[in-house]
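Scroll down for the structure; my scribbles are underneath it.
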């Protein structure tokens, strides 16, 4: 779970496979917590609920959070999936609107889904956590706190220099529900531009100059990701979620980076 920890939580976002596989076994010994995405950019993959269930059974040392996308599901469908996941030991969910690529005809209201899941927890007596993302906007954070959300995910960021100014704008403090920061290592200028195109906080000109002039952009990207982790821990955030990476990178290069922190 992403709440109730007395230590900084380092997580990684993973995409389920397009077809059932045993690749999730590679998570063993690499990550303690993963966030399982839900058909990112409209690309159909194995159900994140089912994939998270396999993780809890096959790699019990890894704790999964299921991303619950509301873009093309109704309340009954989501509750059914959540009940099945709970029965398989999954107890952490992050409710998001979800992208609309390709366009879908129906968008369930994510606030309504959060309310419904909180009522479900009371009805069935099985404890689980429900989180939501937030932009770096105080009004949005307060509205979601009033909803009773257990934790928040914010970002992503590529540049350690933007963290404190963005947190000042957010107005978060440690008395509020735990806040986890999404991190994208800045691998290249193209990567930075693409990331900003889908909502990442714009990097400073200083970082962009560093990336453009670096002779080892990969090493620089991981160095900056490490600085983001250090800054997030310093300012009292609950953890970070490494995002936007291929599965092979998560269990390979990123896992090696994590061990070196």
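The values are calculated or read from the model by the stated rules, or taken from the named source; none is laboratory data. This one's a predicted model, so the numbers in the text were calculated from it and none came from an experiment. In this analysis, Cβ positions are derived from the backbone assuming ideal geometry, glycine residues included, and neighbour counts consider all displayed protein chains.
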For this session: Determine whether the range 38-61 contains at least one residue that is crowded, with 18+ Cβ neighbours inside 10 Å, at positive phi and within 19 Å of the chain's Cα centre (by Cα).
Result: yes
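Let's see how each residue does on (1) in contact with a strand residue (DSSP E or B) (Cβ under 9 Å, 6 or more places away or on another chain); (2) part of a loop (DSSP other than H, G, I, E, B); (3) touching a residue at least 60 places away in the same chain (Cβ under 8 Å):
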site: 31; (1), (2), (3): yes, yes, yes
site: 50; (1), (2), (3): no, no, no
site: 72; (1), (2), (3): no, yes, no
site: 80; (1), (2), (3): no, no, no
site: 98; (1), (2), (3): yes, yes, yes
Exercise. How many residues, within the range 9-19, are surrounded by 13 or more Cβ atoms within 10 Å (Cβ to Cβ) and in a loop (DSSP other than H, G, I, E, B)?
Worked result: 3
Exercise. Is at least one residue of the range 158-171 within 17 Å of residue 242 (Cα to Cα), part of a loop (DSSP other than H, G, I, E, B) and at pLDDT 95 or above?
Worked result: yes
Exercise. Is there a residue in the range 202-225 that is within 16 Å of residue 31 (Cβ to Cβ), modelled with pLDDT of 95 or more and assigned to a loop (DSSP other than H, G, I, E, B)?
Worked result: no
For this session: Kindly indicate the residue of the range 230-248 that is assigned to a helix (DSSP H, G or I) and at pLDDT 95 or above and also surrounded by the most Cβ atoms within 10 Å (Cβ to Cβ) among those meeting that condition.
Result: 232
Exercise. On the given criteria, is residue 163 over 22 Å from residue 129 (Cβ atoms) and in contact with a strand residue (DSSP E or B) (Cβ under 8 Å, 6 or more places away or on another chain)?
Worked result: yes
Seminar exercise, completed: Of those in the range 187-201 that are under 18 Å from residue 41 (Cβ atoms) and not in a loop (DSSP other than H, G, I, E, B), the residue modelled with the lowest pLDDT is 197
Exercise. Limited to the range 100-148, what total is found for residues that are under 22 Å from residue 48 (Cα atoms), at pLDDT 90 or above and not in a helix (DSSP H, G or I)?
Worked result: 9
For this session: For residue 20, indicate whether it is touching a strand residue (DSSP E or B) at 6+ places or on another chain (Cβ under 9 Å) and either within 19 Å of residue 251 (Cα to Cα) or modelled with pLDDT under 95 (or both).
Result: no
